[in-house]
Structures are given as structure tokens and as C-alpha cells.
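Peer 1: Have a look at this one before I ask anything.
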Amino acid sequence: MRYGYFDDVRREYVITTPQTPLPWINYLGSQDFFTLVSNTAGGYSFYRDARLRRLTRYRYNNCPLDSEGFHIYIKDGDCVWNPGWQPTQTALDRYSCRHGLGYTVIEGEKNAVSVRQEMFVPQGDNCLLLRVTVSNQADAAKSLRLFPYLEFCLWDAMDDGSNFQRNFSTGEVEAAGAAIYHKTEYRERRDHYAVFWSNREPAAFDTARESFIGVYGSPARPRAVLEDGCANSVAHGWQPIAAQQFDLELQPGRSESFLFGLGYIENPQSEKWVAPGVINKARAEAMMARYATDAQFDAAMEMLAGFWAELLSGFKVSTGDEKLDRMVNTWNQYQCMVTFNMSRSASYFESGMGRGMGFRDSCQDLLGFVHMIPERARERILDIAATQFPDGSAYHQYQPLTKKGNLDVGSGFNDDPLWLIAGADAYLRETGDWSILDESVPFDNDASLAQPLMEHLRRSFTYTATHLGSHGLPLIGRADWNDCLNLNCFSERPGESFQITGPSEGPVAESVFIAGMFVKYGRAYTDICRHLGLTREAEACEKAIAAVEAAALDAGWDGAWFRRAFDAYGNVVGGKECEEGQIFIEPQGMCVMAGIGKESGQAAKALKSVEERLDTKYGIVLLQPAYTRYRLELGEISSYPPGYKENAGIFCHNNPWIVCAEAELGHGDRAFQVYRRTAPAYIEEISEIHRTEPYVYSQMIAGKDAPSFGEGKNSWLTGTAAWTFLSISQAILGVKPCLDGLRVDPCIPASMKGFTVSRRFRGAVYQISVENPDGVQRGVKALYVNGDPVPDGVIPVQSAGSTVSVRVVMG
Ligand code: GLC
Ligand code: GLC
């Protein structure tokens, strides 16, 4: 069942009922000021850091769900309603929500009054803009009341939700004209405030929640709306809000628009006040003046559209399959940008108060957006590398505000160092900017320890090469990609973190997955060495890689698939002798992507085992059989009920690894089958089962062992975005940036007769047209650049600014 449809021309998902299975959200903002907004106008805003600079409140586990946001109330006689349905839930005569690229438009109609609520964050400014257009479609004049309402957060979201003895006394506001200033803590150490404004003078306002809602009222039945209007309340402590009241007489056929904004303003210490207790509003007033008219609002919206059009123009495909095209051209790339901006901080599942930026997460996110904004990828790589320790290991997380490693989580996740190579390699292949390797980058954020980035990559490689266990496989440490496989943890106390309990370095537990990574990214590092003329180093690396590859094919091989690990007792994890958890997806994907066992046939066997044992109609589960009881020696993985998360859920992130692995073996039909099963546009029809947004990936879909098989969770912020983009653009469509050019080597379903791709690469545009006359899955018979044949399949780098036409004939 569907709850809307894709509008491909406008690049929107149009939701046609407010009662989606879960709130379906969008992200507004792409630099410093962000807003999450749902299809019923729920959500919240923050400046840079969702924990420390939260502008509006949100209660994640509220009942009903999603009751805080940017709501507009309409009072039409006795009828009180919201264009987005929430919070009054008054039934609407017509409703739609269009989530577009960086904007959302909600329209509701009731009793011949229609209200359109447009929202976006303008480029280069720290505010959310709203335009509310009210139209009277009745035959008679209407007397209406309109109220915008939002609840301020007292900046630190964690404190705001816990330290009530203090913060019920700190809230302060100023109301002046059509603006409400939220200035809690501004009198002391803060030099910033929030402002909510309108471009018209309201009839009245409220800034105290108690006054607008009533002590025992609710957002569904606000006192001021139901009874006699706003009371010009001034909040002193308790819960500061912004609410305004507008009374309007609307003739038949007439429309009126109201412009609102929510801004974040910083003032230098010396310019904080204009009079004792009166804040300096100059910057806020300048902001309001920038968006005071419909023309200004429209111009800002146009600028935003231009930004996104340009960003997504670097990769455009036309395959004749509209679902594929809309995923690749719009939604997958859009999600890649959002995950790059947000990392794993703020979504409807991530509270913004938990983790900072993950070392491995951010390195992988790079893979999906480096073609869109290489400059920001460059900066990100250098930031991440600065949190690496001198021995090559890394802080697992770092804080975006300080860019410093996070001591609470520390290090010891032994896959982390190799992801740095993955990110840097992707950047080099995309840009050819070798100068990044010469950039001087601190270790452990200590400038006195700075070394060129190349040295960081070297230490990443060396760390793995020198931390091998008794089977010749890399030691796992606290965990590898699978945060929940904690082989050195042994936690028995509730509340202990599985990620940091126990010694970080076990002398024994080894990971076959990291072995696969070492071969794959170790080879990438070796190519970099060769490119730099470091032949002897490259040869030494190759030796180290060959040894680990051999170990993976020997101790790492279970007979029909790759094992997962050896635990702290030296026992096999992910082998046929295991009672549960006999086969895991990760080592099959990573080892085959690395080409391990390709010649011996083990790679093909491993993928066959995945198909036989892990496939479901909704995607590939992480492991089988699911763990049914807690296993002290394995850690968090067995703490989840069967079918959820890492315990045999369909962890979307590693499904594209299988896509890439299948493509590595030339299996185009199977690669595309795996791709399609989790791709949102292809599963739109089962939205009532999947529940999360049909335009973005979720981290997890409940596996076949779960009672809710097929249900998505943790939508939006997941490494799935980057990896699926990689799997479709590079593995299936086969357009791969290489160190010295662009390779085109598709691996597609035999039934696909051809496609075209327009790809921006190092400043030139490549118009690629692929023909598949013989219906093969893999193989390039001929490749022409501007009509001339290119023998080795790699298109040499073209001069920036040029447009080249590339013809590829498969066969
Ligand atoms: C989460 C983490 C990621 C980890 C994955 C598997 O998505 O953000 O770092 O690799 O879970 O445990
Ligand atoms: C939990 C989650 C895992 C995530 C980790 C981050 O363990 O199951 O997906 O990577 O938290 O710390």
C-alpha cells in the first residue's frame, strides 16, 4: 500500500494522507542551520549541533508521536484545525505534503478554506522560513483566526530534558512588535538568542506555554485557540514558546500570505545589549528585513533550487526504469548529502544528544558524496585524520563542534584505520588532487605531532599489518564494522556500554571481515604508493596483503563461506559448527569485494551460500540462525531479539556490499536483484509493512525471525546511503573513477538493453552511452571517446570545462 507518490519532474515525494505509518520527514538546511520537518509539520530546529544549540523542543517518545513542531492553527467558527492535521487531528477535506530537495510544502483544506505552509532554510542564512497562504474558496466571506506555535528548547537539549529544577526557572523572552526573542541564559554566558517573527503585526501573542495551551491543555486543544485568544503572556521560567494570533477577514476567492521565520543570532560580547535587560536586535532585524516580502521569499527559494540542481547534476542516469532513475538521480544522492551533513546525530531515531561523528561512519559517508562537493570531502578527511593516534589506531568518534576525539568512547575499533584509506582513496580517484597527501595533519589533534596525510595512511596500513592474531588474521579489538560483535567485552552488568567495557585489545579475537578490508584497502594504498613511485614500499605491502589473503582463504574459510571471526577463546564465530550465527553477511561481502577467492572459486561459493542461507524477500539478513539467548562471549549482538538490528536484521548497509561482490564476479542479474530489494522506490508498494519513508533508506529492516518482518527502522542516517550509491553507480552502472581516468565497465541485468549516464569528473562532463546488444551481464567489447576507440577501457582525464561523448558497447 502507498501513502503518496513520486513527482519526478519536481523531485518531490508527495504524501497524500497525514496518517503515514510513521512520521515521514525531510531535512531543511545544508550548512549551519538545520530543521527536521515531518509530513504533519512536526520536527525541530538547531544550529550546528543538535545537542548544544537546539532551538526548539522535541519529545521523541511522546504520545501521540510527533506532537512538537511548526504548527499553524486555523480557527474557522467552531472548527479548529491544522493544515498538517497534527496536533488537533481534525479531519481535513484535502491534504498533501510535498517533501522536496531542502524544502517542504504542506497543504490542507477544511470547509472551503485552504492553507499552504511552505518551509525551507535559505542558503547562507541561519533561519527557517515559513510562508502560510490562506485562501477562501467559499462563496461567502470568512472570519478566521490563525496562530503559529512553537516551543523553545533551552539550548542544551540534554539539560532541557533532564535538569528541571534549574531550567524551570531560567526561561526568558522579550516580545517586541511582530517578533518574539528567546533569550534564556543570554544575560550570562551565552551570546546568542533565537527569534521568531512574522511580517505582520499580530493581534496578540503568547510566550508562556501555560497561557497558550493551558496547564492541563494539550497542543491538540490549546486554550488560546479554543477560547478567547492569546493573552500577551511573557514567560518567566517554565516553558517559553512563540505563539501569535492573527485575525483575518477573507473575501470569497481571496488569498493572503503570512511570512514567518525562526532565526538564530549571535552577538559579540560587547554588542549584546542596547539597554539594561534589553537585547541588541539589530542582527535579527536585518534578518527579518531580508525575508519580509513574498518576492524575497521566492528569490531565496529559487536560490535553494539552483543549489540542489547543481549539486545533483554531477551524476544523471537514464535507464528507462523510472524507479532506478529516481533513486540514482535524486533520492539516493540527496540522502548522501544529508548523511554527510548530519552524520548519525539528528533524525527521528537519533536524538542529537548521543554520538558525535563516527570515524568509520564519516569515512564511509564520503564515498557517497565526494563527487558532489569534493572540497568538503577534502576538509572532512583532514579533520578525521587529525583524530588518529600516532600508532595508526583512531578515536572511534569525534565532536563536530571541537573536531576533537571523544574520550568517552576512546579507540580500539580495529576496522577504523582502514576506513581512512578508503575515504582518502575515493577522494584521490575522484579529484586527482594528490596535494592532499602532502597536507600536514596532527595526530591526536596535537599539532606538534603533525605529519603529512600520506603518513597517516601508512600508519593505518601498518597498524593492521602489525596487529594480527594467531591465525594470521587482524585482531578485532573492541569491534569491527559490526559494533555489536564485542568479542573482548564480557559484560554482565545492565547499563554497561558494550562498546567500551572490557579491554580494548584482546590478544586473541580476530576478524575475517578486517582481513577482507585489509586486502581491499591495502591494495588501494599500494596503488597510491606505486603512483608516488614508492615501489619498495608497495612491494612490502603486497607481501603483507598476500599473507592476510592466504589466512582468509585458510583459517578464515569454513567450507562453503567465509567465517566471521575467532573469539577470545579461539573459537570460530560464523561457522557450521556454531549452534547459532553460523554464517554472517559481512565477510562474504568484504572478502569478495576484495577479490579474495575469486580464482579458487571460493568467492562464488560464498555468495551462493549468502543466497541460500541469508536471502529474504525484503533483503539479505545479517546472519543466520539468529541468536536466541545472550552470549557473554559475543556481546551486544546477542542482546537484540532475533531479527532485529545486528542480530539477523536486514542491516541495509551491508546489502550493497553483496551487490558490489556479485558485480565483482560479473553477476549482473543477481547484483541488480539484491539492489532492488532494499531500494526504497521499489518497495514503495509495501509502505504499510516497511513503515519508514519510501524515498530514503533505513538502517535496518526487521529480518525474517522478527514478528514484524519487513518493518524499517532508523531511517535517513545510515551508511547505506553512501554504499548503495557506490553499488549502483560504480558496480552496476559501472562508472568508476580511477587514479588515472574514468573506467566504464557495467555489470547489469542481461535484460537491460542499455542506458546513458552524464557524469561530471574532474571538471569535464562525460556523456556516456552504453549499449548491450547481445544481452550480456558483463563485458565491454568496445569503447569510444569522441568517436575514437580507447583500448584499455579507461577514459583518460579530459580537460576541465569540456564535454566528451563516450560510447560503450558491451558484449
Ligand atoms: C551503526 C553504526 C556503524 C556500524 C553499524 C553496524 O550503523 O553507526 O558505525 O558499523 O551500526 O554495527
Ligand atoms: C548500538 C547499535 C549499533 C550502533 C551502536 C553505536 O550498538 O546496535 O547499530 O552502531 O549502537 O554505538
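The values are calculated or read from the model by the stated rules, or taken from the named source; none is laboratory data. Computed from a prediction, not measured in an experiment: that's the story for all the values here. Methodologically, a virtual Cβ is constructed for each residue, glycine included, from the backbone with ideal geometry; neighbour enumeration extends over all protein chains shown. Surface accessibility is based on the protein's heavy atoms, side chains included, excluding ligands, DNA and RNA. Shrake-Rupley method; radii C 1.70, N 1.55, O 1.52, S 1.80 Å.
Peer 1: List every residue pair whose Cβ atoms sit under 8 Å apart, with the two residues 6 or more apart in sequence or on different chains, where the first one lies in region 694-717 and is among the basic types (K, R) and the second, anywhere, is in a strand (DSSP E or B).
Peer 2: Cβ pairs passing all conditions: K704/T616; K713/S698; K713/Q699; K713/M700; K713/I701.
Peer 1: Filter region 353-378 for residues that are away from ligand 2 (no atom under 16 Å from the Cβ), more than 14 Å from the chain's Cα centre (by Cα) and either β-branched (V, I, T) or open to solvent by 10 Å² or more (accessible area, probe 1.4 Å) (or both) and give the result.
Peer 2: To start, the set of residues in region 353-378 that are away from ligand 2 (no atom under 16 Å from the Cβ) comprises 366-378.
With the extra rule that they be more than 14 Å from the chain's Cα centre (by Cα), the set shrinks to 370-378.
Within region 353-378, V370, H371, M372, I373, P374, E375, R376, R378 qualify.
Peer 1: Next up: Kindly evaluate A450 against the criterion of being more than 16 Å from ligand 2 (Cβ to nearest atom), farther than 30 Å from W308 by Cα and free of Cβ contacts under 8 Å to residues at least 12 places away in the same chain. Before the answer, list the steps.
Peer 2: Numbers: more than 16 Å from ligand 2 (Cβ to nearest atom): yes; farther than 30 Å from W308 by Cα: yes; free of Cβ contacts under 8 Å to residues at least 12 places away in the same chain: yes.
Answer is yes for this residue.
Peer 1: Looking at region 469-510 only, could you name the residues that are of a type in the set (S, T, Y) and either more than 16 Å from ligand 2 (Cβ to nearest atom) or under 19 Å from L622 (Cβ atoms) (or both)? Full working, then the answer.
Peer 2: Residues of region 469-510 of a type in the set (S, T, Y): 470, 491, 497, 501, 504.
The answer is S470, and nothing else.
Peer 1: Report, by residue number, each residue of region 9-35 that is out of contact with any Ser or Thr (no Cβ under 8 Å at 6 or more places or on another chain), more than 19 Å from Y697 (Cβ to Cβ) and of a type outside the set (S, T, N, Q).
Peer 2: V9, R10, D32
Peer 1: Using the structure shown, decide if I620 is crowded, with 18+ Cβ neighbours inside 10 Å and under 21 Å from D483 (Cβ atoms). Talk me through it step by step, then tell me what you get.
Peer 2: Working: crowded, with 18+ Cβ neighbours inside 10 Å: yes; under 21 Å from D483 (Cβ atoms): yes.
Judged against the criteria, I620 is a match.
Peer 1: Ok, one more. Do we have any residue at all in region 70-85 that's on the phi > 0 side of the Ramachandran plot, of a type outside the set (D, E, K, R), at pLDDT 95 or above and touching a Lys or Arg at 6+ places or on another chain (Cβ under 9 Å)? Step through it out loud before you land on a result.
Peer 2: We begin by selecting, within region 70-85, every residue on the phi > 0 side of the Ramachandran plot; these are 77, 85.
Next, only the ones that are of a type outside the set (D, E, K, R) stay: 77, 85.
Subsequent filtering for residues that are at pLDDT 95 or above retains 77, 85.
Keeping just the survivors that are touching a Lys or Arg at 6+ places or on another chain (Cβ under 9 Å) gives 77.
Yes, region 70-85 contains at least one residue that is on the phi > 0 side of the Ramachandran plot, of a type outside the set (D, E, K, R), at pLDDT 95 or above and touching a Lys or Arg at 6+ places or on another chain (Cβ under 9 Å).
For (1) under 16 Å from S30 (Cα atoms); (2) within 16 Å of ligand 1 (Cβ to nearest atom); (3) over 30 Å from the mean Cα position of the chain (by Cα), each residue gets a yes or a no:
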{"residue": "I279", "(1), (2), (3)": "no, no, yes"}
{"residue": "G306", "(1), (2), (3)": "yes, no, no"}
{"residue": "L324", "(1), (2), (3)": "no, no, no"}
{"residue": "M337", "(1), (2), (3)": "yes, no, no"}
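Peer 1: On to the next question. All but one of (1) within 16 Å of ligand 2 (Cβ to nearest atom); (2) crowded, with 17+ Cβ neighbours inside 10 Å hold for D425; state the number of the condition that does not hold.
Peer 2: Evaluating D425 over (1) within 16 Å of ligand 2 (Cβ to nearest atom); (2) crowded, with 17+ Cβ neighbours inside 10 Å leaves (1) as the failure.
Peer 1: Shifting gears a bit: Do we have any residue at all in region 517-532 that's part of a loop (DSSP other than H, G, I, E, B), within 23 Å of L632 (Cα to Cα) and more than 16 Å from ligand 2 (Cβ to nearest atom)?
Peer 2: No, that holds for no residue.
Peer 1: Further, regarding this structure: Being among the hydrophobic types (A, V, I, L, M, F, W, C) and part of a helix (DSSP H, G or I) is the filter here, so list the residues in region 217-250 that pass it. Before the answer, list the steps.
Peer 2: Restricting attention to region 217-250, the residues satisfying the condition of being among the hydrophobic types (A, V, I, L, M, F, W, C) are 220, 224-226, 230-231, 234-235, 238, 241-243, 246, 248, 250.
Once the filter is applied, which keeps residues that are among the hydrophobic types (A, V, I, L, M, F, W, C) and part of a helix (DSSP H, G or I), region 217-250 yields A224, V225, L226.
Peer 1: For residues that are more than 13 Å from ligand 1 (Cβ to nearest atom), among the small types (G, A, S) and open to solvent by less than 10 Å² (accessible area, probe 1.4 Å), tally how many sit in region 476-520.
Peer 2: Matching residues across region 476-520 total 6.
Peer 1: Can you name every residue in region 1-19 that is of a type in the set (V, I, T) and either open to solvent by less than 20 Å² (accessible area, probe 1.4 Å) or within 21 Å of the chain's Cα centre (by Cα) (or both)?
Peer 2: Just the residues of region 1-19 that are of a type in the set (V, I, T), to begin with: 9, 14-17.
Across region 1-19, the qualifying residues are V14, I15.
Peer 1: Let me ask another. Between a residue in region 488-516 that is on the phi < 0 side of the Ramachandran plot and touching a residue at least 12 places away in the same chain (Cβ under 8 Å) and any residue that is aliphatic (A, V, I, L, M) and open to solvent by 40 Å² or more (accessible area, probe 1.4 Å), which pairs come within a Cβ distance under 8 Å, given they are 6 or more apart or on different chains?
Peer 2: Filtered contacts from region 488-516: S491/L632; E492/L632; E510/L468.
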